[in-house]
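Take this structure first; my questions come after.
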Amino acid sequence: MEEKFMREAIRLAKKAKERGEVPIGAVVVYEGKIIGRGYNLRTSLQMATAHAEIRAIDRACKKLRSWRLPGAELYVTLEPCPMCMGAALNARIDRIFFGAYEQKGRSLTAQLAGANLLNHTIEVVGGVLGEECAEPLTSFFSEMREREKTKKGK
């Protein structure tokens, strides 16, 4: 079941990549159904908070007409940043499944998940379809570096 929902997050990440965005996708699942989808749109919207997770959580809250999402699970292609972990804690999400690990060590996922902030903890499972989740990110940044290199060479 985890793979099914992660594959939808990967599909959304690829959609972000097609738009020139960092390819990250996320879905919120409640009672076995996707109730919120999102992908990164920071560049398109020029909004620092337009992360995939935030967008998926916002949609899920609207769907359930509540800012609280107990019983919900978040599936995201990249380990969440501290802002997105804060949103998941605020929404009282029960579990987070992520694919690729943040390679630059900027994530505080484990510390925030277990810190009992807001009287809530989140179970976190990493590495779900990790290689499939990492591929769009790896190719995106490789292509971006190549474009930059070509620009400088002209």
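Of everything in region 103-143, what is outside any helix (DSSP H, G or I) and surrounded by 13 or more Cβ atoms within 10 Å (Cβ to Cβ)? Give them in sequence order.
Just the residues of region 103-143 that are outside any helix (DSSP H, G or I), to begin with: 103-108, 115-116, 120-129.
Correct list: 107, 108, 115, 120, 121, 122, 124, 126, 127, 128, 129.
Show me the helices (runs of 4 or more DSSP H) found entirely inside region 1-65 where at least 2 residues are among the charged types (D, E, K, R) and open to solvent by 10 Å² or more (accessible area, probe 1.4 Å). Can you show your working first?
Working: elements: 2-18, 42-45, 52-64.
It comes to 2-18, 52-64.
Then there's this: Out of 86, 99, 71, report the one residue that is open to solvent by less than 40 Å² (accessible area, probe 1.4 Å) and assigned to a loop (DSSP other than H, G, I, E, B). Reasoning before the result, please.
Numbers: 86 fails: assigned to a loop (DSSP other than H, G, I, E, B); 99 fails: assigned to a loop (DSSP other than H, G, I, E, B).
Every option except 71 fails the conditions.
Can you report the number of residues in region 49-64 which are farther than 15 Å from residue 22 by Cα and touching a helix residue (DSSP H, G or I) at 6+ places or on another chain (Cβ under 9 Å)? Step through it out loud before you land on a result.
Kept after step one, since they are farther than 15 Å from residue 22 by Cα, are these residues of region 49-64: 56-64.
Next, from what is left, pick out any that are touching a helix residue (DSSP H, G or I) at 6+ places or on another chain (Cβ under 9 Å): 56-58.
Number of matching residues: 3.
The values are calculated or read from the model by the stated rules, or taken from the named source; none is laboratory data. This one's a predicted model, so the numbers in the text were calculated from it and none came from an experiment. When we count neighbours, we look across all protein chains shown, and the Cβ atoms used for this are built from the backbone with ideal geometry, even at glycine. Calculation scope for accessible area: heavy atoms of the full protein, side chains included, ligands and nucleic acids excluded. Shrake-Rupley method; radii C 1.70, N 1.55, O 1.52, S 1.80 Å.
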